[in-house]
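*Asks:* Mind looking over this structure? Questions follow.
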Amino acid sequence: MATYTLNINKKTHTIEADPKMPLLWAIRDIVGLTGTKYGCGIAQCGACTVHLNGNPVRSCSLPVSVAANKEITTIEGLSENNTHVVQLAWIKEQVPQCGYCQSGQIMAASALLKKNSTPTDADIDAAMQGHICRCGTYPRIRKAIKTASQLITQKASTK
Amino acid sequence: MLANTVTRRDFIKIGGLSSIGLTLGFYTPAGAKENSIELLTKESAETLGVELNAWVSIDTTGKVTLMNHRSEMGQGSYQTVPQIIAEELEVNLDQVQILFAPGNGAKYGSQLTGGSSTVRGAYKHLMKVGASAREMLIEAAANKWAVSKTDCYAENGFVIHRASGKKFGYGELVQEASKLQPPKDMKLKEAKNYKVIRQSLPRQDTPLKTNGTAIFGLDKKLPGMLYAVVERNPRFAGKIKSVDDTETKKVPGVRHVISVKMSVFASLREGVAVVADTLWAATQGRKALKVQWDDAGFEHLNTEQLFTRMRDDLKKPGLSQRTGGNADAVFNKAEKKVEAVYETPYESHSCMEPLNCIAHFKGDSCDIWGPIQAPDWIQSLLTGLIGLPPEKINVNMTFLGGGFGRKAFMDYPHEAAVISKEINAPVQVVWTREDDMTQGPFRPGAVYECKAGLSKQGNIQSFQAKIAAQNMDHQWPGADKSTFNGSTVEGLPEGYFESISHYSFSDIPTESPIPVMWWRSVYSSTNGFAYESFIDELSREAGQDPLDFRRKYLGSERYQSLIDTLEQKSNWKARGKNEGWGVAITECFKTTVGEIVKVSRNADGKIKIDKVIAVMDCGWHVNPDIVKGQVEGSIIMALGAAIKHETHFTDGKAVERNFDSYKMPRINEIPEIEVYIMDNEEKPGGVGEPGLPPFSPALTNAIFDLTGKRIRKLPFNINEV
């Protein structure tokens, strides 16, 4: 066991954990933020995606020791009131069905749009194909990313 | 105003509505938050004053609480159940609190969320529940004003006196209303007057699923809860020979290592549970466990053996489900005989949320929390297994991260209850993805033999089908294995039985130790492939257009409208060169769906699925956008089972253990999908599943149209056609 400082959603948490323990379990079971999901444990489905220093990472396969002292953002920290453009677009397009994979999908989409606010279909494919949705909400995910992109453009033009 | 506690609780039985009641309760839900889902336990329900057989509660502030008595696994019951009640209750859905009803089959009727049954099973009851509450509120207002109730109406949470415009909020009337007799006759609204039903209102659970606040089974925690993972026999039927837990017990945080047996249909599955303070410690402890299994006494089958057995079984006489005329004789004399064999694979449900369940055994009662499709089934099963009466087994619901039939099975709640009882503490049993994918139950593999006689003019004279597959019903304790599979004709539109005089459908139950269970759309998911591929083959043998051929046999006005819509939306007659178009029409849970798939070849020669057009006739329905979403999702799930994944077995064990080998469709592989809903007021059919069966035959029929190659076995590699 070792002591780590985790900066999650701009809050500092000091935790005791096995260095090999994946960040996912530190977030869920120690810090108590359950929006980040366990889906496969081998970085194949994307349900556990969080931002590490702004980049989307698979928290199920990232040892907690590697994430210490870095900026971690989870779905709970994406916005205060469900008002991030990606969240707004997800609501507008009524994307979720069961919803279990959607935290990861939203974290991936928000990371994509931060780097590229006008993604093409190919950009969306590249950024999102690591994420499984068993309910099959993919058409709406694609649509919502385009809607979010438009919202970003609208915001920029009204400034 | 009443105090913040229950001062009076009136439970009123509505005349003529068995098992359906109405509570106009007086309570202010302690700690209830706007826009948040309250997870209601039996205890908290009693504190709140909510009678458990009530769908509607209104507090003195006018706050309306509606119960969802079914599981929410993505299909939308959390929206559609309240949306139906709200129509007649005259409330705005945005202002309503929605709670999951705990398991209580005696009060809610069946709570098994399966067979796409929520709306079609309860829609009239739910409308009456809303209408009776409304009528009682109107009567209470009329009494207060000393006017006739026919001079008053309800709207948006208020009762209004038509002449004067005076109004009362529902909260001001609830006390008086609860003293009244519920109306005996309720006239339900006509469809043309709907304000809430038939609207694509945004789902009330969407905001909870975009910010991480929706509580799934795996997210639920109880104070003092421990975590368990279970090393189970990978071969479904073996026994524990020996356990060495020396290293496991050295792992910090591990508290208990115990042997457990779980009920899996008529047998018990043995395993060793590692219980720890954290899930991580439990999984580390499990890795250090050394278990030897006694795998004698049952077959260690592999996939090829299973399918050989099913093919051999087809030579046996079948158990007959449905026959008409004299199909054998007609076939033998037919001008043209067509025969084909189709094969469909075993599949894993692979819900995104792996199985998990919390149990807290307290001696004289047991609390269960989890992603569950059948709370009342769990109560019945556990009663016998842990020795408590059903009413002492409190099954509490969370959101489900997918279900697809798997979470109607009760092995994982049983496991949790057994472990909690043994260690005398609340425990959450968590299945890893590998556990979830390898332990089953699976969708059964199947082999179909179809044959038909055609006349010179290409008319179907006889249609016969025989299925060899494991029979799901035969697995239960005491099952009569001489009974036919009642699902042999599922998937095939009923219209064929009216237009074809000579037919026979039978099955041969194949024996295997592999547990099998419903998988989205159940037998239709595989029957549909066989039957609609075969109908397509017949149309080609007859030299007729596949859509027109179906039109000849599906004569009713509803079928004809659906086919007309398919033709029109796909522009069927205008298919270009180098395009392959295929159609399939199936029927599942009283809903008919037609799908047209359009394929072409990429520059590299590989087949590309360009577009899917789906037309669903589910009759009366609630929320068109949810219906469309269910069809989109069903098509994508079918795509996976057609061209991406299959569960194989080797030496009695499932081979595919995780998404690296059980490949799911990804966003870059999804064709454009258009969904249309037939507009009529016929009895409602299912929505969550019927969109799935027609996709795979429509795809392979399209590939035949393009290439002349007939695909009769799923899954197939689309890159190698």
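*Asks:* Name the residues whose placed amide hydrogens come within less than 5 Å of the amide hydrogen of B:VAL264, ignoring near sequence neighbours (fewer than 5 apart) on the same chain.
*Replies:* It is B:ARG269, by chain and number.
*Asks:* What are the extents of the Cα atoms of the stretch B:171-268 along their three principal axes, in Å, largest first?
*Replies:* 68, 37, 35
*Asks:* Averaged over peptide B:398-404, how many Cβ atoms belonging to another chain are found within 10 Å of each residue's Cβ? Present the calculation step by step, with values, prior to reporting the outcome.
*Replies:* Values: counts 0, 3, 3, 11, 8, 1, 3.
Mean shielding count: 4.
*Asks:* Between the alpha-carbon centers of the stretch B:231-248 and the stretch B:124-202, tell me the distance in whole angstrom.
*Replies:* Measuring centre to centre over Cα atoms gives 61 Å.
*Asks:* Next question, about the same structure. Work out the P(r) tail for chain B: percent of alpha carbon pairs separated by more than 50 Å, whole number. Before the final figure, lay out the partial values.
*Replies:* Values: 49822 of 259560 pairs.
Cα-Cα pairs of chain B separated by over 50 Å account for 19 percent.
*Asks:* Something else about it: Hey, any idea what the orientation-averaged projected area of the convex hull of the stretch A:2-77's Cα atoms comes to, in nm²?
*Replies:* 4.1 nm²
*Asks:* Could I ask something else about it? Between the stretch B:274-304 and the stretch B:379-438, what's the alpha-carbon centroid distance in Å?
*Replies:* 19 Å
*Asks:* Highest first, please rank the peptides B:560-572, B:268-280 by the mean number of other Cβ atoms sitting within 10 Å of their residues.
*Replies:* On the way: B:560-572: 17.6, B:268-280: 22.4.
Ranked by mean Cβ neighbours within 10 Å, highest first: B:268-280, B:560-572.
*Asks:* Would you mind counting up the charge near A:GLN150? Only other residues with Cβ under 12 Å from its Cβ, with Lys and Arg at +1 and Asp and Glu at -1.
*Replies:* Neighbourhood net charge equals +3.
*Asks:* Please give the FRET efficiency for B:GLN457 paired with B:GLU674, using the beta carbon to beta carbon distance and R0 = 51 Å, rounded to the nearest 0.05.
*Replies:* Values: r = 35 Å, r/R0 = 0.68.
Rounded to the nearest 0.05, the efficiency is 0.90.
*Asks:* Tell me, what is the FRET efficiency for B:ASP651 and A:SER157 to the nearest 0.05, using R0 = 51 angstrom and their Cβ-Cβ distance as r?
*Replies:* Details: r = 63 Å, r/R0 = 1.24.
So, using R0 = 51 Å, E works out to roughly 0.20.
*Asks:* Let me ask something else. Can you pull a Stokes-Einstein diffusion coefficient for the stretch B:50-193 at 10 °C (1.306 mPa s), Rh from Kirkwood over Cα pairs, as a whole number of µm²/s? Each step should come with its number before you reach the end.
*Replies:* Working: Rh = 15.7 Å.
Result for D is 101 µm²/s.
*Asks:* Separate question: Output the antiparallel fraction of DSSP beta bridges having both residues in the protein assembly as shown, as a percent to the nearest 5. Write out the running numbers ahead of the final one.
*Replies:* Values: 102 of 136 bridges.
Looking only at bridges with both residues in the protein assembly as shown, the antiparallel portion is about 75 percent.
*Asks:* Please list, by residue number, everything in the stretch B:633-663 whose backbone N is under 15 Å from a paramagnetic label point 7 Å out along Cα→Cβ of B:LYS713.
*Replies:* The answer is B:643, B:646-649, whose backbone nitrogens lie closer than 15 Å to the label point.
*Asks:* Quick one: net charge of B:HIS474's neighbours, Cβ under 12 Å, K/R +1, D/E -1?
*Replies:* Working: positive: B:LYS481; negative: B:ASP473, B:ASP480, B:ASP507, B:GLU511.
Taking every other residue near B:HIS474 into account, the sum is -3.
*Asks:* Additional query: Once Rh for the protein assembly as shown is found with the Kirkwood sum over Cα pairs, what is the Stokes-Einstein diffusion coefficient at 37 °C and 0.692 mPa s, in µm²/s? Write out the running numbers ahead of the final one.
*Replies:* Values: Rh = 28.7 Å.
In µm²/s, the coefficient rounds to 114.
*Asks:* Step through the residues of the stretch B:439-451 one at a time and calculate ³J(HN,Hα) from phi using the Karplus curve (6.51 cos²θ - 1.76 cosθ + 1.60, θ = phi - 60°), rounding each to whole Hz and writing x for Gly and Pro.
*Replies:* Along the stretch B:439-451, the couplings run 8, x, x, 10, 5, x, x, 8, 10, 10, 10, 10, 9 Hz.
*Asks:* Another one. Given all pairs of different Cα atoms, what value in angstroms does the Kirkwood hydrodynamic radius of the stretch B:590-683 take?
*Replies:* On the way: mean 1/r = 0.0643 Å⁻¹.
Every distinct Cα pair counted, the radius reaches 15.6 Å.
*Asks:* Hey, another quick one. Provide the FRET efficiency to the nearest 0.05 for the B:LYS611-B:THR246 pair, computing r from the beta carbons and using R0 = 56 Å.
*Replies:* On the way: r = 60 Å, r/R0 = 1.07.
The pair B:LYS611/B:THR246 has a calculated efficiency of 0.40.
*Asks:* So what is the relative contact order of the stretch B:350-458, in percent, for Cα pairs below 8 Å that sit 6 or more residues apart? Intermediate values should be presented prior to the final figure.
*Replies:* Working: 168 pairs, mean separation 38.7, N = 109.
Once divided by the residue count of the stretch B:350-458, the mean separation gives 36 percent.
*Asks:* Moving on to the next point. Per-residue HN-Hα couplings for the stretch B:253-261, Karplus 6.51 cos²θ - 1.76 cosθ + 1.60 at θ = phi - 60°, whole Hz, x for Gly and Pro?
*Replies:* 3J(HN,Hα) across the stretch B:253-261, in whole Hz: x, 6, 9, 9, 10, 9, 7, 9, 10.
*Asks:* Antiparallel DSSP bridges in chain B: what percent, to the nearest 5? Don't skip to the end; give the middle numbers.
*Replies:* On the way: 88 of 120 bridges.
Here the share of antiparallel DSSP bridges comes out near 75 percent.
*Asks:* What residue among A:GLN154, A:TYR100, A:SER110 has its Cα farthest toward the positive end of the dipole of the stretch A:85-158, where the charges are +1 on Lys, Arg and -1 on Asp, Glu, each on the Cβ?
*Replies:* Ranked along the dipole, the leading option is A:GLN154.
*Asks:* I'd like the mean, over residues of A:100-108, of how many other protein chain beta carbons sit within 10 Å of each residue's own Cβ.
*Replies:* Working: counts 17, 5, 8, 5, 1, 2, 4, 1, 0.
Counting other chains' Cβ atoms within 10 Å and averaging over A:100-108 gives 5.
*Asks:* List the residues whose amide H sits under 5 Å from the amide H of B:MET678, counting only those 5 or more places along or on another chain, with H placed 1.01 Å from N in the peptide plane.
*Replies:* B:MET616, B:ASP617, B:CYS618
*Asks:* List the residues whose amide H sits under 5 Å from the amide H of B:HIS502, counting only those 5 or more places along or on another chain, with H placed 1.01 Å from N in the peptide plane.
*Replies:* So B:HIS502 has HN proximity to B:PHE463.
*Asks:* Moving on. I need the GluC sites (Glu not before Pro) found in the stretch A:1-83, filtered to DSSP loop residues with at most 10 other beta carbons within 10 Å of theirs.
*Replies:* Working: sites: A:GLU16, A:GLU71, A:GLU76, A:GLU80; in loops: A:GLU80.
Filter output for the stretch A:1-83: A:GLU80.
*Asks:* Pairs of Cα atoms under 8 Å, at least six residues apart: use those to get the relative contact order of chain B, whole percent.
*Replies:* 14 percent
*Asks:* Among A:137-144, B:119-126, B:545-552, B:241-248, how do they line up by average Cβ neighbours within 10 Å per residue, starting with the highest? Kindly include the intermediate steps, with their values, before the conclusion.
*Replies:* Numbers: A:137-144: 23.9, B:119-126: 21.1, B:545-552: 19.5, B:241-248: 14.5.
Ranking the peptides A:137-144, B:119-126, B:545-552, B:241-248 by packing returns A:137-144, B:119-126, B:545-552, B:241-248.
*Asks:* Given a cut-off of 18 Å, name the pairs among B:LYS209/B:LYS644; B:LYS362/B:LYS392; B:LYS606/B:LYS644; A:LYS11/A:LYS92 whose C-alpha atoms lie farther apart than that in the structure shown.
*Replies:* On the way: B:LYS209/B:LYS644 27 Å; B:LYS362/B:LYS392 10 Å; B:LYS606/B:LYS644 15 Å; A:LYS11/A:LYS92 30 Å.
Exceeds cut-off: B:LYS209/B:LYS644; A:LYS11/A:LYS92.
*Asks:* Viscosity 1.567 mPa s, temperature 4 °C: what is the translational diffusion coefficient of the stretch A:85-158 from Stokes-Einstein with a Kirkwood Rh over Cα pairs, rounded to a whole number of µm²/s?
*Replies:* Working: Rh = 12.1 Å.
This corresponds to a translational diffusion coefficient of 107 µm²/s.
*Asks:* Just to check I understand the Karplus step: with θ = phi - 60° and J = 6.51 cos²θ - 1.76 cosθ + 1.60, what whole-Hz values come out for the stretch B:138-146, glycine and proline as x?
*Replies:* Karplus values, whole Hz, x for Gly and Pro: 4, 5, 4, 5, 4, 4, 4, 7, 6.
*Asks:* How many angstrom separate the Cα center of the stretch B:648-686 from the Cα center of the stretch B:457-531?
*Replies:* Going from one Cα centre to the other spans 20 Å.
*Asks:* Take every residue in peptide B:67-78, count the Cβ atoms of other chains within 10 Å of its Cβ, and give the average of those counts.
*Replies:* Numbers: counts 0, 0, 0, 0, 0, 3, 5, 10, 3, 1, 0, 0.
Per residue, the average neighbour count from other chains is 2.
Read-outs throughout are calculated quantities, based only on the coordinates presented, and are distinct from any laboratory measurement. If you're wondering where the values come from, they're calculated on a predicted model, not measured in any experiment. Cβ sites come from the backbone with ideal geometry, for glycine too, and all protein chains shown count toward neighbours.
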